[in-house]
1. Here is a check on your reading of the model: is Lys197 free of Cβ contacts under 8 Å to residues at least 60 places away in the same chain and not in a strand (DSSP E or B)?
2. Residues that are without any contact (Cβ under 8 Å) to a residue 24 or more places away in the chain: which strands (runs of 3 or more DSSP E) entirely in segment 532-648 hold 3 or more of them?
3. How do the pairs read when you match residues in segment 718-747 that are of a type in the set (Ser, Thr, Tyr) with residues anywhere that are surrounded by 14 or more Cβ atoms within 10 Å (Cβ to Cβ), using Cβ under 8 Å and keeping only pairs 6 or more apart or on different chains?
4. Can you say whether Gly242 is on the phi > 0 side of the Ramachandran plot and in contact (Cβ under 8 Å) with a residue 60 or more places away in the chain, as far as the supplied structure shows?
5. Working carefully through the options Gln438, Gln391, Gln451, find the one that is farther than 29 Å from Gly693 by Cα, crowded, with 19+ Cβ neighbours inside 10 Å, at pLDDT below 85 and not aromatic (Phe, Trp, Tyr).
6. What do you reckon, is Asp220 acidic (Asp, Glu) and surrounded by fewer than 20 Cβ atoms within 10 Å (Cβ to Cβ)?
7. Kindly establish whether Pro403 is closer than 24 Å to Glu574 by Cβ, at pLDDT below 90 and not assigned by TED's automatic domain parsing to the domain that holds Ala341.
8. For segment 664-742, give me every one of the helices (runs of 4 or more DSSP H) that falls completely inside it and has 3 or more residues that are over 23 Å from Ser625 (Cα atoms) and either in contact with a Pro (Cβ under 7 Å, 6 or more places away or on another chain) or of a type outside the set (Asp, Glu) (or both).
Amino acid sequence: MSKDKEKRQNEINAREEINADEYGDIFPGRIRFPRHTPCTLALSVSGLYEWNWWIMRPIPIHPRIPKTSPIPRSPGLLPYESLEGGEDYDVGETTTANETEAFSPILPWYFKREELRLDVDGRYPQMTASGTMFSGLSIRVHWIASLAKVGKNKWSGDIWYKHGSTVNLPYTKVKITATPSFFGNQRKVTVVFSGGKGMSRMITYKYKSRYFHPVEFEFDRVGGAPCVTSVETTAHPNHPAGMASETLTIENVYCRAGFNVSKAGGDDTIPLSEAGANARWSDMEMHDAMQIYWSKFADKAQWSMWVLFASLHDSGTSLGGIMFDDIGPNHRQGTAIFGDAFIANAPSGDAAPDAWVRRMRFWTACHEMGHAFNLAHSWQKELGTPWITLQNENEARSFMNYPYNVSGGQSAFFADFEYRFSDSELLFMRHAPSQFVQMGNADWFDHHGFQQANVSADPGYKLEIRVNRKKPIFEFLEPVVVELKLTNISSEPLLFDPALLSSGQDITVILRKEGRPARQWAPFAKYCSASSITVIESKKSIYHPLFVSAGVNGWDIAEPGIYLIQVAIKNDEEYIISNPLTIRVAPPHGYDEEFIAQDLFSEDVGRVLALNGSRFLDTANNALSEVVERLPKSRVAYHARMALGNPLSRDYKLLTLDKGKGLKIFKKDVKGATKELDAALIENISDSTETLGHINYKNIVDSYCEFLSGEGLDDVAAKCQGEMHKEFTTRQVLQSVLQQILDTQKSYGSKS
């Protein structure tokens, strides 16, 4: 290199080193390098490339044009390739009109498109290439290949994954040659496909983006709630040695994962001035808010998601965040972060508690948003439906692992945490078929590996699934609530986290109707909860109810017939498997039940029953009101009244777009709530206890009594507790539970 050229190049390097951003890439006329990477001429080639091919359909324009009129084709856009059922064409070819009419190329006649994602340099390279072949707007086949470098800007490897119409891609190997350039519009990649039974195929893709997918984020905040969307990476002294000190945003995190992040509006503050001291959010309020307030909400899959920063969930400080699985017919489109939950409590004696809390709130937001990309927890990768075989990463320093789950706890986690996803997670996000990753597309946890459960040969626990009735027979339309009983069958006390029974993350429920394939129950919400390890004494048990009739996959138990239900809980590295429970759903009694079933077995009604009510889903509430009116003595009527009355017992927050974005407060309706809940819980206590289940019934009654006491109706609350005590005594419920009821009754001023 001459001295003049060397001088000019040094000037370019110095100038661009100052202007470089942290993502690294090339824009037309500008060199960009990562801040942590010296500026050299080794240009990045990773990114998204595209190839388009179309020809124009000849359209008649006049019957008497001379037959020698040429018909030009789109120049330079038609490589030599045989059309399916057509002729061979070459670039620059022209066609002559027939004797009676001439043609003008007006409309596309045949269109094909291919994408290539090259991932060999830049941040966290996976040495992988993946591609998608489209025909029109439809995906034909998706492929993935692992690469090894074979020369300068050259890689080769085997295609190890195909999805779709694989007959359109018979090849088994790829050889890739990249042409770097200072200018993005001059960058290209040539791929030679070979192997298999077909001939080799060579195709050149043009550069489109340094990112593999686009995505939009919308952040909204409830007034007064902490909202952390950025963090100083070295603000807390416990961090990896050599970590770069920078202000890292949520957008940065996902840009580095390979996504072109943009903001879809938002950053709004939702006032809580009318909500008083009740700043907590229930599941039903969150589901309603998601559908009303999110500016991008639509009944379709889209690369867009909503994040709401709130203070606390109804369940209290143990829940740091939640990913909503089901928004209308779509899934994984939004999350809520509860900044005043356990994530706001730094460990005792921590050197920088404020920095610890901010880091934990930031981690929680990125973690819950990761679920919206269909990422499982690090210790759950073996569950789901296979796309590739995955192994659990229990010690991963990833956004998808719990800091307190690793050996050494959260201190050991953050000492090695680099604010990133693991390689297997990046492989999924960047290279899995887009429908598996895109928000609102494939169901939660779809297409993650499933392997045989590791079951202990000498288990310390026994898991039972049961129903509180003499015979496991349910009326037609009656929702199915089962109870889980986990017993320590060892001779010593054991530690257990009760959240495993309810989180939706660590529990697998399989349902199979006789004569049908098995289905996996998918609850409407999954929780990110603090671990609350409990000591279970030898021969003692803990309990939890499960509403298993419906979930994001629809109504799993609806039609008359025989069903088998079985549950597995993952505790550390082992699965605890329940007994199989067989239940029967009886046929309908008459026309009214058959008629109501058409509206009852809907997605919205299932959600309202599972989440204990809604003030927004009017169609579902109307269906439940019709149940109460037409079938007042049926078992399903107790569930309907409970779901109708529960939202009336509290000041209910509903995000609306009326007069601009804001919060509408529905004041509690004491008269309406007591009318519905008395009928649901007390009027026919034997039937309601049986259909709701002992545990579920007690939880609902306790909550109802708190509401009554708050309204100055302690005598009514004490009476409800007394009635429950009588019924539970008849049912031979545990003496410890009966004593709890008596103590609660006494707290309301009654000694009877």
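1. So Lys197 passes the test.
2. Output list is empty.
3. Close Cβ pairs (under 8 Å, with a partner that is surrounded by 14 or more Cβ atoms within 10 Å (Cβ to Cβ)) amount to Thr729/Leu738; Thr744/Asp702; Thr744/Cys705; Thr744/Gln721.
4. no
5. Gln438
6. no
7. In short, no.
8. Once the helices (runs of 4 or more DSSP H) in segment 664-742 are filtered for at least 3 residues that are over 23 Å from Ser625 (Cα atoms) and either in contact with a Pro (Cβ under 7 Å, 6 or more places away or on another chain) or of a type outside the set (Asp, Glu) (or both), what remains is 694-710, 714-730.
The values are calculated or read from the model by the stated rules, or taken from the named source; none is laboratory data. The structure displayed is predicted, hence computed values, not measured ones. We place every Cβ from the backbone using ideal geometry, glycine too, and count neighbours over all the protein chains shown.
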